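Accompanying notes for the structure given below.
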């Protein structure tokens, strides 16, 4: 086990070094990068983001996790409250959950109407197309966890006093409404996967492997000149349009 | 002349009363209204906005005239800096110039590249469609002034110490580049006139008539129940797609 | 009567011309000006602000009338929500009501506790001292109306369909709690009048005269070189520390 | 060494658990906490903040590291740009550098005038007094590093590809102007140490010990009922007014 851990640490460090180089290049070139992290509760979003951002430039990086909209925001254009956070030249913005709330938790939990859900699936590709037309690099991760692994992690969370602020009243629903979440996910991936705004699936039952592959994929998408990338493992990371039968059922 | 003035004042007051009633209804219903004022320098935007907003609810009304973008904003998604100002439920937002800078002054004065101009004409209808799909009422006015009248007003401005802050270094170009502005306007109206985001042309050589007709048109678009509207004069106010031969050459 | 009106219009225009010149100088010099308008309901704040700002530079002028604080704001440092609106170099910010809500309407209507009221009277001079130490010119107007004139104006408001958005549920209390408002005002003026943050009282039963004198006082405070000012009428405009017996009882 | 590391990890985890409990209590009680981290380059601010915030509630915690002020901000009230970040009820805000830039790097590097420096030392206690009068808990850390240790860390940084974004053109000056920095620090601590806004010195040559003691001190200041705290080590953490002869010369 000690050895495996060392391998992971060394690989992670190497990837982080490459990522630091890539960001330095992106800052110099004025490249704008927007990375969306989505996935069920406990799928590993926080952990992946932590490793991805550990050594990034604080001035050119923002991790954004918006609270629930207030009443005024609820009445605004659906995408409005996300827009002020979009990246300027050289910036990398990481969304820890995003407008895709309306493609998952909201319809499943009844926090939006079916009409709002449908409208969202229609409008999201238009919104994202405007951003990519404008030159923003948009990377969308779906972190995919199995039902058993989620059950295990949610149980561990409750028992861990350090994870007190990760526990949410919605956790109980994650397992109870597993199938509704799967269905919403499939519908969302199908409706919002686009050539320049593709979804990338990362299987996260193995957390460490997932974290490495997230950074590998980001490096591939940035494609900073002079870097030779190890492509992420195809069994773990794959495009949404090749997901048939591979997503957690 | 005294009599004519009285007529204008009385008509204006009646329209403002109707408009106050209509806004009270819009606030109650949660209607969101976005009114864009565009037009050449001295076409009468400020004056029309002043009469339109004179008695509106200060809490639910915002007039927005954005300064030139700073360097960071220049590198962002083109529409980003306008989005925070979009109306929430019950609000009326009035844009005194808007994203259409990139359809007029920017390409004519060389403040954007031809590629940016083209991209704008392609993207603006998508952006506006997202807003109208979301239920926002979008009213776009093009205030149309003749070349002679503009020359007269710009000259008067320079002589009037109260209009000091209206005088701009760009004024001189308004006449010099008249034809380029006309061409940009025609291209813009053609590319961005849409069923739910239509342009309405208001001829403004007669300022007072124009102001009355702006309010009349807004009332028609709001269509508050129980109000009987006098349609604006067709010779003065007309849809952009019926503008052939009627716009200032 | 016609003649008197002409006099007013001519005097107003002359003052506005001087004020435009003074603002041009303030912009050039980077002078920061903060003008606070306080006074009972219908004392004439909106009307005075309208004439003062009519020809000011839109880019360097902001009129700020904050809505009621939301729940989060209520829990913050009391002055926090006003601070983002403070003037930068060359700017004039006009506060239509201000932090002095806590010196008047809040204690009188029971919207704050007596302890909060007391704390406010203690803290406001410190806060303002920081701003004036920093070089901001702070002008504070108390518009003073008599009980009879207020009764008349509030009654007219209700009857005027154009003033629909000026009518507030608090209006009824303005007369009913007249004495409590007088007492709060006296306490506030005594506690927060300071050498560099002085209160200036303007008697406003004569609206037009009041508007002229507001501009005259602002000109005197700005003291733009090369301008010869007519000092405002001492019977109408006077410092708070010389108010004994002259304020509306 | 392995054992020592285990001790640190176990102690850190225990402190973090207490801190999570304390924050849960602070959220429930609506306590507002503002923690300022100051210190020379490489004194360990980022590392201490990382451990302090590792398990905190993301929704009620903000780490704020402001970029250099833009031109407009430079002309505003000096404290203005910090104010929007102050904590609301239940929130903990951590400032990674703060208004104390004007007490250290700015005067030493000549980025402000001597008069601005003096004014800052006079105004900062007033500003902080307003915040603590309003009930905000203000904790101010000065992380104190020795000259030799700083030299070592800055050299390591340059050699480490993961620390690329920590390297700054100002690093070279940290050693060259060591004495000027010491003098500015002494002046700042003397002028701005106050009963309710005290400075706490943490010696950070031993990074790990420093991190533990930072959390210990925060726990002591929060004083959440039912927690028994181990006071931080007096040789490492001490109040600024008992610092004579103990600060890095």
Does at least one position in the stretch B:82-100 carry a residue that is more than 29 Å from residue A:74 (Cβ to Cβ), surrounded by fewer than 20 Cβ atoms within 10 Å (Cβ to Cβ) and touching a helix residue (DSSP H, G or I) at 6+ places or on another chain (Cβ under 7 Å)?
-> no
Which one of these does residue D:200 not meet: (1) part of a helix (DSSP H, G or I); (2) buried (at least 16 other Cβ atoms within 10 Å of the Cβ); (3) modelled with pLDDT of 95 or more?
-> (1)
Flagged pairs (Cβ under 7 angstrom, 6 or more apart or on separate chains; first in the stretch A:1-20, over 19 Å from residue A:220 (Cα atoms); second at pLDDT 85 or above and assigned to a helix (DSSP H, G or I)) are A:8/A:208
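Report yes if residue B:59 is over 30 Å from residue B:225 (Cα atoms) and in contact with a helix residue (DSSP H, G or I) (Cβ under 9 Å, 6 or more places away or on another chain), otherwise no. Reasoning before the result, please.
Numbers: over 30 Å from residue B:225 (Cα atoms): no; in contact with a helix residue (DSSP H, G or I) (Cβ under 9 Å, 6 or more places away or on another chain): yes.
Against the criterion (over 30 Å from residue B:225 (Cα atoms) and in contact with a helix residue (DSSP H, G or I) (Cβ under 9 Å, 6 or more places away or on another chain)), residue B:59 does not qualify.
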Give the number of residues within the stretch B:103-129 that are surrounded by fewer than 20 Cβ atoms within 10 Å (Cβ to Cβ) and closer than 11 Å to residue B:196 by Cβ.
-> 2
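What are the residues in the stretch D:62-71 that are more than 19 Å from residue D:32 (Cα to Cα) and not in a helix (DSSP H, G or I), if any? Quick ask: steps written out before the conclusion?
Let us first name the residues in the stretch D:62-71 that are more than 19 Å from residue D:32 (Cα to Cα), namely D:66-71.
Answer for the stretch D:62-71, where residues must be more than 19 Å from residue D:32 (Cα to Cα) and not in a helix (DSSP H, G or I): D:66, D:67, D:68, D:69, D:70.
Go through the stretch B:72-174 and tell me which helices (runs of 4 or more DSSP H), entirely inside it, have 1 or more residues that are under 26 Å from residue C:23 (Cβ atoms), more than 13 Å from every other protein chain (Cβ to nearest Cβ) and without any contact (Cβ under 8 Å) to a residue 24 or more places away in the chain.
Working: elements: B:105-109, B:114-133, B:147-159.
Answer list for the stretch B:72-174: B:147-159.
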Which members of the stretch B:211-249 meet the condition of being in contact with a strand residue (DSSP E or B) (Cβ under 7 Å, 6 or more places away or on another chain) and in a loop (DSSP other than H, G, I, E, B)?
-> B:236, B:243, B:246, B:247, B:248
Determine if the stretch A:26-42 includes at least one residue that is part of a helix (DSSP H, G or I), surrounded by fewer than 19 Cβ atoms within 10 Å (Cβ to Cβ) and more than 11 Å from chain D (Cβ to nearest Cβ).
-> yes
Residue D:68 passes all but one of (1) crowded, with 22+ Cβ neighbours inside 10 Å; (2) on the phi < 0 side of the Ramachandran plot; (3) more than 9 Å from every other protein chain (Cβ to nearest Cβ); which number fails?
-> (1)
Would the stretch A:48-55 turn up any residue that is at positive phi and more than 11 Å from every other protein chain (Cβ to nearest Cβ)?
-> no
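Could you check, for the stretch C:177-191, whether at least one of its residues is closer than 30 Å to residue D:118 by Cα and surrounded by fewer than 18 Cβ atoms within 10 Å (Cβ to Cβ)? I'd like the intermediate steps shown before the answer.
Of the residues in the stretch C:177-191, the ones closer than 30 Å to residue D:118 by Cα are C:191.
Remaining after also requiring surrounded by fewer than 18 Cβ atoms within 10 Å (Cβ to Cβ): C:191.
Yes - at least one qualifying residue is present in the stretch C:177-191.
The values are calculated or read from the model by the stated rules, or taken from the named source; none is laboratory data. Computed from a predicted structure; not experimentally measured. Every residue, glycine among them, receives a Cβ derived from its backbone with ideal geometry; neighbour counts consider all protein chains shown.
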